[in-house]
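Chemist: First, the structure itself, so that you have it in front of you.
Please treat every number below as a calculation from the coordinates, not as lab data. Because the structure is a prediction, the values reported are computed rather than measured. As a convention, Cβ positions derive from the backbone with ideal geometry for all residues, glycine included, and neighbour counts pool all protein chains shown.
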Amino acid sequence: MTHPVPTPGQPVRGSKTGKPIMALFDLLGRSWALGVVWQLSEGGLTFRALQARCEQVSPTVLNRRLKELMASGLVQRGDAGYELSDTGHALFALLAPLGPWAQAWARGLEDAGKD
């Protein structure tokens with residue numbers, strides 16, 4: 001069963017009223033949605049290049065995520081293939097600090113495991 005593209009104002013996972021933040025969490029919580037946004041943050045990619053960067057995600061899942069992200073205004077088609085829209089870049093600017101945080105978190109877990 002396919003789920004419709006999460007849309008603010010419509011029921012989504014976690015919100016019967018479709019609060020905008022819950023619609024965003026529903027969208028980004030789908031498999032590979034965040035990975036696609038993250039990979040496209042450095043520039044446009046063809047479908048095959050994006051699939052390779054996403055650790056060989058299945059073409060079906062990648063195609064579905066791209067359609068959802070395009071319908072949500074985060075991804076668009078450009079000269080180089082798929083790319084983040086201005087809205088997608090604004091979202092990534094909010095997500096970017098999670099990269100260094102995740103690295104520090106991983107090191108902390110690794111260090112804690114050495115004790």
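Chemist: Restricting to the stretch 1-33, what's the tally of residues that are assigned to a loop (DSSP other than H, G, I, E, B), exposed (fewer than 14 other Cβ atoms within 10 Å of the Cβ) and among the β-branched types (Val, Ile, Thr)?
Modeler: Residues that pass the stated criteria total 2.
Chemist: Name the residues in the stretch 66-98 that are loosely packed, with under 11 Cβ neighbours inside 10 Å, in a helix (DSSP H, G or I) and not acidic (Asp, Glu), would you?
Modeler: The answer is Ala93, Leu94.
Chemist: What's the number of the condition Gln103 fails, among (1) surrounded by 15 or more Cβ atoms within 10 Å (Cβ to Cβ); (2) more than 12 Å from the chain's Cα centre (by Cα); (3) of a type in the set (S, T, N, Q)?
Modeler: Against the list (1) surrounded by 15 or more Cβ atoms within 10 Å (Cβ to Cβ); (2) more than 12 Å from the chain's Cα centre (by Cα); (3) of a type in the set (S, T, N, Q), Gln103 comes up short only on (1).
Chemist: Would you mind stating whether Val57 is β-branched (Val, Ile, Thr), out of contact with any Asp or Glu (no Cβ under 6 Å at 6 or more places or on another chain) and over 22 Å from Val12 (Cβ atoms)?
Modeler: The answer is yes for Val57.
Chemist: Could you list, in sequence order, all residues of the stretch 34-50 that are more than 12 Å from the chain's Cα centre (by Cα) and in a helix (DSSP H, G or I)?
Modeler: Phe47, Arg48, Ala49, Leu50 - these are the residues of the stretch 34-50 that are more than 12 Å from the chain's Cα centre (by Cα) and in a helix (DSSP H, G or I).
Chemist: Further, regarding this structure: Can you tell me which residue in the stretch 54-65 is farthest from Trp32 (Cα to Cα), limited to those that are in contact (Cβ under 8 Å) with a residue 24 or more places away in the chain and assigned to a helix (DSSP H, G or I)?
Modeler: Arg64
Chemist: Taking Glu42 and the conditions (1) out of contact with any Gly (no Cβ under 9 Å at 6 or more places or on another chain); (2) over 19 Å from Ser85 (Cβ atoms); (3) surrounded by fewer than 17 Cβ atoms within 10 Å (Cβ to Cβ), which numbered condition does it fall short on, given that it satisfies the others?
Modeler: Result: Glu42 fails condition (2) only.
Chemist: Checking the conditions here, which among Ser15, Ser31 is touching an Asp or Glu at 6+ places or on another chain (Cβ under 9 Å), small (Gly, Ala, Ser) and farther than 23 Å from Asp86 by Cβ?
Modeler: So the residue among Ser15, Ser31 that is touching an Asp or Glu at 6+ places or on another chain (Cβ under 9 Å), small (Gly, Ala, Ser) and farther than 23 Å from Asp86 by Cβ is Ser15.
Chemist: Right, next: Quick one: Ala49 ticks every box in (1) surrounded by 14 or more Cβ atoms within 10 Å (Cβ to Cβ); (2) under 28 Å from Pro8 (Cβ atoms) bar one, so which box is it?
Modeler: Every condition holds for Ala49 apart from (2).
Chemist: Cβ-Cβ below 7 Å, separation at least six or inter-chain, first residue in the stretch 6-26 and under 18 Å from Val75 (Cβ atoms), second exposed (fewer than 15 other Cβ atoms within 10 Å of the Cβ) and basic (Lys, Arg): which pairs?
Modeler: Asp26/Arg13
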